[in-house]
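The values are calculated or read from the model by the stated rules, or taken from the named source; none is laboratory data. Just so you know, these numbers come straight off a predicted model, no measurement behind them. Note that each Cβ is placed from the backbone with ideal geometry, even for glycine, and that neighbours are counted across all protein chains shown.
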């Protein structure tokens, strides 16, 4: 019971600024797939459009529990550093397009 209570009292920390809601949602879902609970926190003000995005330079932030912050940030950095694999096993089609 004490462990459960302690986890409910843990602080949320902002770890990463996101440029738009779609990116925030994608990263939140990515972290959830890795076993890290995350949330998006919008910086936007209702009825003021994207004024806060222009002022702050980001739409909002990704927030996680303090105990997950380092791992979550490392996962996001790895996510952005990753490059898609190229399929070299498929024969090239006409005009040099992948098959």
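Computed values, structure above
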quantity	calculated
Meets criteria (at pLDDT 95 or above and surrounded by 16 or more Cβ atoms within 10 Å (Cβ to Cβ)) for residue 63	yes
Residue 72 vs. criteria outside any loop (DSSP other than H, G, I, E, B), at pLDDT 90 or above and surrounded by fewer than 16 Cβ atoms within 10 Å (Cβ to Cβ)	no
Residues of region 33-60 that turn out to be surrounded by 12 or more Cβ atoms within 10 Å (Cβ to Cβ) and at pLDDT 90 or above, as a count	6
